[in-house]
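See structure below.
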Amino acid sequence: MMEIYDVETARRTILRRVPLNWMEVPPAIAERTQALFGLGVTPSQAVAQILLTVQQEGDAALLRWSALLDKNSSPTLRLPTKALKTAYASLPEALRQVMSKAADRIRAFHKLQPLPSWETYTLGGRLGQRMAPIERVGVYVPGGTAPLPSSLLMSVIPAQVAGVPRVAVCTPPNPHPGILAAAHLCGVEEVYQVGGAQAIAALAFGTQSIPRVDKIVGAGNLFVTLAKQQVYGLVGLDGLAGPTETLVIADRTAHPAWVAADLLAQAEHDGMASAILLTPDRTLAEAVQAEVARQIENLSRAEIISQSLAARSGIVLTPDLSTAAELGSEFAPEHLCLAVADPDALAGRIRHAGGLFLGENSFEVLGDYIAGPSHVMPTGGSARFASPLNALDFVKITSLIALDDASSRALSPLAAEFASMEGLTAHAAAARQRAGESDV
């Protein structure tokens, strides 16, 4: 049962943001961590231990952690390309067509994103920016109770559009055939069956079998996210993905069964997911509440959904749609869905969201699979400053500075004055020499 909250109570509970490290670890995860790593060891400390051993021992540590954490005794880390091709061929033709259609739409969408290098001669000489693809990217693809081939497509294809020449995929051992099929469809040849924090360590540090990468993208569980956090700086990241979240704003025109279905779809990801409805209409709120209770009975992941609904989900009654939009922007969710009569009008009031889904025809599940934009989106309120994964995540910018002689001479005394104010006399001297003011 989804609870119905007033605005103030919701702000103190389900709409309250806390840093990732402050989130309460589910008891099952805490207990398993301590059983494997020792009494009192936190997930963050366990991850640090994994990272250190992989850095020091390479493949040997990967295989040891894989056996301990994933119960996998296979010595094979890199999967042969033949296995990817076989997995693709094993899928039903209808599913291959669906996957191909999704890949085509994702690629077409990201090809429309401009990635221009540019130069100008208007500032004295030549100045500009040069766009270049990152050389090597690592993509993490979750493979737990819900393997996600869609995440491979959503992460690999934008990198390919940006021109990244080498993409390596890591996914937990004995990967689902759909993940391997998606890799084959994208033309990815480097697929390693290693998961968790040890996969992030391998991509960040490199091992005998897995070359290090320049950037790691893709969501994972708590241990994957903590590992990404701890290697940041050594490699680039797309972001730190917390539990997934959907916020729906609905009015009396919304279909209660559809709204309920969208909330349940989000809640089934994991017990820490957030599925939140904001509405000024109590009749709709109660109808959605009843639909959630009815529909959950027929779903295979009902236990996970129940955990999510009890922990971080709910329905919030707002005075009006304007208040709902304000609350939605404050929460800055990964997905924000507008199930209202005039979604375009309300969209103008939304300042922060990873993905904005306008109208009930544009529901979040379409974004998960086949609409076109990447479904890797900012979570935890980071939509206030971060963006969904896109082609720009896979390029880097180099500034070009080629001033002409006259501009250099004119600007050098100004640079010298600035440097002197900062007490950097060597900087000032270098500038004065160019200006002909000193022979030092």
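The set of residues in region 20-41 that are part of a loop (DSSP other than H, G, I, E, B) and without any contact (Cβ under 8 Å) to a residue 12 or more places away in the chain comprises E24, G38, L39, G40, V41. Comparison of A87, A132 shows that the only residue that is part of a strand (DSSP E or B), surrounded by 12 or more Cβ atoms within 10 Å (Cβ to Cβ) and not charged (D, E, K, R) is A132.
Among the residues of region 333-348, those that are in a loop (DSSP other than H, G, I, E, B) and over 20 Å from T244 (Cβ atoms) comprise V340, A341, D342, G348. Test of understanding: among E57, E24, E31, E8, which residue is over 22 Å from the mean Cα position of the chain (by Cα) and under 30 Å from E297 (Cα atoms)? So the residue among E57, E24, E31, E8 that is over 22 Å from the mean Cα position of the chain (by Cα) and under 30 Å from E297 (Cα atoms) is E31. The selection criterion, being modelled with pLDDT of 95 or more, more than 17 Å from the chain's Cα centre (by Cα) and part of a helix (DSSP H, G or I), holds for V161. Here K85 meets each of (1) more than 29 Å from Q229 (Cα to Cα); (2) within 25 Å of the chain's Cα centre (by Cα) with one exception, condition (2). All conditions but one from (1) closer than 23 Å to L240 by Cα; (2) surrounded by 14 or more Cβ atoms within 10 Å (Cβ to Cβ); (3) modelled with pLDDT under 95 apply to N72; the one that does not is (1). Each residue in region 42-69 was checked for being surrounded by fewer than 16 Cβ atoms within 10 Å (Cβ to Cβ) and either assigned to a loop (DSSP other than H, G, I, E, B) or touching a strand residue (DSSP E or B) at 6+ places or on another chain (Cβ under 6 Å) (or both), and 1 pass.
Check whether at least one residue in region 148-157 is outside any helix (DSSP H, G or I) and either touching an Asp or Glu at 6+ places or on another chain (Cβ under 6 Å) or without any contact (Cβ under 8 Å) to a residue 40 or more places away in the chain (or both), and report yes or no. Yes: region 148-157 contains one or more residues that are outside any helix (DSSP H, G or I) and either touching an Asp or Glu at 6+ places or on another chain (Cβ under 6 Å) or without any contact (Cβ under 8 Å) to a residue 40 or more places away in the chain (or both). Being among the hydroxyl-bearing types (S, T, Y), part of a helix (DSSP H, G or I) and in contact with a Gly (Cβ under 8 Å, 6 or more places away or on another chain) is the filter here; which residues of region 349-395 pass it? S382 - this is the single residue of region 349-395 that is among the hydroxyl-bearing types (S, T, Y), part of a helix (DSSP H, G or I) and in contact with a Gly (Cβ under 8 Å, 6 or more places away or on another chain). Report yes if some residue within region 80-102 is over 17 Å from P175 (Cα atoms), free of Cβ contacts under 8 Å to residues at least 12 places away in the same chain, in contact with a strand residue (DSSP E or B) (Cβ under 7 Å, 6 or more places away or on another chain) and of a type outside the set (K, R); otherwise report no. No: region 80-102 contains no residue that is over 17 Å from P175 (Cα atoms), free of Cβ contacts under 8 Å to residues at least 12 places away in the same chain, in contact with a strand residue (DSSP E or B) (Cβ under 7 Å, 6 or more places away or on another chain) and of a type outside the set (K, R). Of all the listed residues (P158, P149), the sole one being in contact with a Leu (Cβ under 7 Å, 6 or more places away or on another chain), closer than 16 Å to I370 by Cα and either among the hydrophobic types (A, V, I, L, M, F, W, C) or buried (at least 24 other Cβ atoms within 10 Å of the Cβ) (or both) is P158.
Consider region 317-359 and keep the residues that are among the charged types (D, E, K, R) and surrounded by fewer than 19 Cβ atoms within 10 Å (Cβ to Cβ). The one that is nearest to V18 (Cα to Cα) is E330.
The values are calculated or read from the model by the stated rules, or taken from the named source; none is laboratory data. This is a predicted model, so every value here is computed, not measured. A quick note on method: Cβ atoms are made from the backbone with ideal geometry, for glycine too, and the neighbour counts reach across all protein chains shown.
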